[in-house]
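Worksheet: the structure to be examined is printed underneath.
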Amino acid sequence: MDFLPDAPVHIVVPLQETTTIEGETVTLQCEVSKPDVEGTWFKDNLEVAPDDKFEPILDGVFQALTIHDVELEDEAEYTIEVPGDSSTATLWVEGECVVTTVQACNMRNFAKFFDAESPTLEEKITLWVCTEPNCKVSAPSNQDTSVLSV
């Protein structure tokens, strides 16, 4: 592909809205019309300083920002600015959920959340434990509408 040296730079492929999970590494990427054009990254309109967490990458016509060990606080609007153009997209961060199966001591207390029959002590319940604030586990829609707080 030939590039005209005096042509303005523009975003060819914009940033895309992305969802990731807390603790993961994510890369936001766009493509510009000219290679090796320095871009500047912003998080909620504040310039992102390169460090161990935020790693800007310039590879020809591709501009990327890799975010390591994503935290809930990293959820934001990210913008790449190149001379003459910019692109913005939202990074959504979901809390890390851990699924574990446990043996309940008194399963009869949980019976109303699963079915009309009392489960035996040998049956197991799968519990979702979320690190997000105000995380709740609710009964299936066809069951009691009580909510169990985790």
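With a cut-off of 8 Å between alpha carbons and a minimum separation of six or more residues, what is the relative contact order of region 1-52 in percent? Please report the intermediate quantities before stating the final value.
On the way: 34 pairs, mean separation 17.1, N = 52.
Value for region 1-52: 33 percent.
Note down the relative contact order for region 11-94 as a percent, whole number, built from C-alpha pairs under 8 angstrom at least six residues apart. Intermediate results must be reported in sequence, preceding the final value.
Numbers: 196 pairs, mean separation 32.2, N = 84.
Relative contact order of region 11-94: 38 percent.
Using 0.36 nm per residue of separation minus the Cα-Cα distance, give me the extension gain between Thr25 and Thr40 in nm, one decimal.
3.4 nm
If you wrap a convex hull around the Cα atoms of region 33-77, how much volume per residue is inside, in Å³? It would help to have the intermediate numbers written out before the result.
Details: hull volume 3.6 nm³, N = 45.
Per-residue hull volume (Cα only) is 80 Å³.
Given the convex hull over the Cα atoms of region 11-94, what projected area results after averaging over all orientations, in nm²?
Projected over every direction and averaged, the Cα hull of region 11-94 covers 4.7 nm².
Under 37 °C and 0.692 mPa s, how fast does region 9-58 diffuse according to Stokes-Einstein, given a Kirkwood radius computed over C-alpha pairs? Answer in µm²/s, whole number. Walk me through the intermediate numbers first.
Values: Rh = 12.6 Å.
After rounding, the answer is 260 µm²/s.
Since every read-out is calculated from the coordinates, none of them should be taken as a lab result. Note that the structure is predicted; figures quoted are calculated from it, not measured.
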